[in-house]
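This report refers to the structure that appears directly beneath it.
The values are calculated or read from the model by the stated rules, or taken from the named source; none is laboratory data. Predicted, not measured: the structure shown is a model, and the values here were computed from it. Please note: Cβ atoms are built from the backbone with ideal geometry, for glycine as well, and neighbour counts cover all protein chains shown. Keep in mind that these areas ignore ligands, DNA and RNA; they rest on the heavy atoms of the full protein, side chains included. Shrake-Rupley method; radii C 1.70, N 1.55, O 1.52, S 1.80 Å.
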Amino acid sequence: MSRRGIFTFLGLLWLSTILLSGCNGQSSNPASVFVSTLQSDQAQLADQLYEEAWRTVQEEYVDGTFNGQDWASWRYRYRGKLRDVQDAYVAIGTMVASLNDEYTRFLQPRDMSEQSMSIDSRLYGVGIQISKRDNKLLVLATIDDTPAQRAGLMPKDQITHINGKETAGMSVEDAADQIRGEKGTFVTLSIKRGKAELSKRIQRDEIKIKSVFTKPLNDPRIGYLRLSSFISETMLDEMKEALQQLSSKQALVLDLRGNYGGLFSNAVEAADMLMDQGKIVFIVNREHDRRSFEAHPGTINAKPLVVLIDGGSASASEILAGALKDNHRATLIGSQSFGKGLVQKVNPLMNNSGINITISKYLTPNGTDINKKGIEPDIKVPFTEADYLAQRDPQLDRAVQYLRGFLN
């Protein structure tokens, strides 16, 4: 039943109960009957939401053992104990946490709305992607031309405090709630970077997610294309246009550094733009069945190619980088990528909520599982904090030097 159908049905139930109680003389306080019925209906909605979440995980989660537990035991664990949807949110979160999968998580309505805004290329905040590892809140990536990037935040920075509040034990969702806010307001982040401890006071702004950037290089024969994210619906059109604009160049640098990923389909189609043939990626479901995605004949740009990667290159970035590397279409330069070899699906639930579920894992064309391992570049070039502060880019410099060997 649709969300609208559920609320329509409950509304009719409230009305009939009040009228019947008033007519049969069994209640002298109609208001108390209304409150009681309202509470009952809220509990019913909570049970329905929890059941829907449980069933969705049961049907789609990649690990058929559900982290080695009896998944059926969760189904009725909270039956009769949930008073309203807030109780259901907590119960679903607890249930999902038992999977011990940081990427499978319940999305409250605010989170579903934010995800939709990301795909629509419109967000508000400071412009960072955060993650939790070993109970540490880390910056996974910064979005180009945002307050976070201008403030000098870097991938792998540990956020220890938000406005003076410790982040230890804080969920990613709670941290995100405290970091984002209205345009023009400020948030102070305490950062640990190696042994250094920094404080960043950052003014929030609208984050306009442009996925593709180009810039001139010192060698005019070489084109530069940066993909900052795969999440926007406009990303492929932006990339196609940029590749066509760079068609006169003799070689190309594709920069995936700090690109935390996005839509699976965008990664596959981006690889297809640069490959004339070959497998792009394998998807493996919980029955261990493999499905391959392959390139179609023809490319938008077939020039010599270097791909830049680093520890912020994750998920969809690793699909693209792995496809280009394994098919010998590009040389990878930089440092080891993040290592996220899992694919999630967003499943809408009632009450405008949802659940993000890991439904499969992926392998590179050579059959390599890169989850929690990452992709090793063909040529390792470090990028240090000193380089950043001095506005040097040794990885890009090495890419240009390498490509010059292919030019006339």
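Compute the helix-to-body angle for 3-24: its Cα long axis versus the longest principal axis of the chain, expressed 0 to 90° and rounded to tens.
Roughly 10 degrees, rounded to the nearest 10.
At 20 °C and 1.002 mPa s, what whole-number value in µm²/s does Stokes-Einstein give for the translational diffusion of the stretch 273-408, with Rh from the Kirkwood sum over Cα pairs? Walk me through the numbers before you get to the answer.
Values: Rh = 16.6 Å.
The diffusion coefficient I find is 129 µm²/s.
Which shape class, rounded, prolate or oblate, goes with the stretch 66-136 when its Cα gyration tensor gives a ≥ b ≥ c as root eigenvalues, a/c under 1.5 marks rounded, and past that a/b bigger than b/c marks prolate?
Values: a/c = 2.72, a/b = 1.59, b/c = 1.71.
Oblate is the answer for the stretch 66-136, as a/c is 1.5 or above yet b/c matches or exceeds a/b.
Compute the accessible area per residue over the chain, keeping the other protein chains in place, probe 1.4 Å, unit Å². Walk me through the numbers on the way to the answer.
Working: 20070 Å² over 408 residues.
Averaged over the residues of the chain, the accessible area is 49 Å².
Quick one: helix 109-119 against the long Cα principal axis of the chain, what's the angle to the nearest 10°, folded into 0 to 90?
The helix 109-119 is inclined about 30 degrees to the chain.
Not counting ligands, DNA or RNA, and with a 1.4 Å probe, what is residue 159's accessible surface area in Å² rounded to the nearest 10?
0 Å²
Between their Cα atoms, which of 192/215; 215/240; 303/325; 200/373; 215/303 are more than 24 Å away from each other? Spell out each step's value before the answer.
On the way: 192/215 31 Å; 215/240 16 Å; 303/325 15 Å; 200/373 31 Å; 215/303 17 Å.
In this structure, 192/215; 200/373 exceed 24 Å between Cα atoms.
In degrees, nearest 10, range 0 to 90: what is the angle between the Cα axis of helix 30-60 and the longest Cα principal axis of the chain?
It works out to around 40 degrees.
Compare 161, 288 by solvent-accessible area with a 1.4 Å probe and give them largest first, with all protein chains kept in place.
Working: 161 55, 288 145 Å².
Sorted descending by solvent-accessible area, the residues read 288, 161.
Structure shown: which of 208/380; 345/380; 345/372; 136/340; 279/372; 210/345 lie over 25 Å apart, alpha-carbon to alpha-carbon?
On the way: 208/380 32 Å; 345/380 33 Å; 345/372 20 Å; 136/340 17 Å; 279/372 22 Å; 210/345 23 Å.
Over 25 Å Cα-Cα: 208/380; 345/380.
Calculate how large, on average over all directions, the projected area of the Cα convex hull of the stretch 176-335 is; give the answer in nm² to one decimal. Present the calculation step by step, with values, prior to reporting the outcome.
On the way: hull surface 50.2 nm².
Spelled out: convex hull of the Cα atoms, projected over all directions, averaged, 12.6 nm².
Using only Cα atoms, locate the centre of the stretch 160-177 and the centre of the stretch 212-246, then give the distance between them in Å, rounded to an integer.
That distance is 35 Å.
Check residue 130: other-chain or 5+ apart residues with amide H under 5 Å from its amide H, H built from backbone geometry?
140
Quick one: which residues, 5+ away or cross-chain, put their amide H under 5 Å from the amide H of residue 137? H built at 1.01 Å from N.
Here 159 satisfy the definition.
Quantify, in whole percent, the carbon and sulfur part of the accessible surface of the chain (1.4 Å probe; protein heavy atoms only). Provide the component values of the computation, followed by the final result.
Values: 9890 of 20070 Å².
Its accessible area is 49 percent carbon and sulfur atoms.
Rounded, prolate or oblate: which fits the stretch 311-351 when a ≥ b ≥ c are the square roots of the eigenvalues of the alpha-carbon gyration tensor, with rounded for a/c under 1.5 and prolate only if a/b beats b/c? Mind showing how you got there, number by number?
Details: a/c = 4.58, a/b = 2.37, b/c = 1.93.
The shape class here is prolate.
Could you list which residues have their amide H under 5 Å from that of residue 344, counting only those 5 or more apart in sequence or on another chain, with H placed in the peptide plane?
359
Among rounded, prolate and oblate, which fits the stretch 35-93 when a ≥ b ≥ c are the square roots of the eigenvalues of its C-alpha gyration tensor, a/c under 1.5 means rounded, and a/b larger than b/c means prolate? Could the numbers behind the result be given before it?
On the way: a/c = 3.12, a/b = 2.63, b/c = 1.18.
Verdict is prolate for the stretch 35-93.
Helix-derived [θ] at 222 nm for the chain: sum -39500 (n - 2.57) over DSSP H runs of at least 4, divide by residue count, nearest 500? Walk me through the numbers before you get to the answer.
On the way: 11 runs with 138 residues, N = 408.
Using -39500 (n - 2.57) per qualifying helix, the result is -10500 deg cm²/dmol.
For the stretch 92-202, how big is the tail of P(r) above 21 Å, as a whole percent of Cα pairs? Spell out each step's value before the answer.
Details: 2209 of 6105 pairs.
Tail of P(r) above 21 Å: 36 percent of Cα pairs.
Using the Cα centre of the stretch 256-392 as the reference point, and only Cβ charges (+1 on K/R, -1 on D/E), how large is the resulting charge dipole? Debye, rounded to the nearest 20. Intermediate results must be reported in sequence, preceding the final value.
Details: 15 positive and 14 negative charges, 38 e Å.
The calculated dipole for the stretch 256-392 is roughly 180 debye.
Averaging over every viewing direction, what projected area does the convex hull of the Cα atoms of the chain cover, in nm²?
In nm², the orientation-averaged hull projection of the chain is 23.6.
No solvent, one uniform scatterer per C-alpha: report log10 I(q)/I(0) for the stretch 180-219 via the Debye equation at q = 0.17, 0.26 1/Å, two decimals.
Normalising to I(0) and taking log10 leaves -0.73, -0.85.
Sum up the charges of everything whose Cβ sits under 14 Å from the Cβ of residue 247, counting Lys and Arg as +1 and Asp and Glu as -1, but leave residue 247 out. Before the final figure, lay out the partial values.
Details: positive: 221, 240, 249, 303; negative: 241.
Neighbourhood net charge equals +3.
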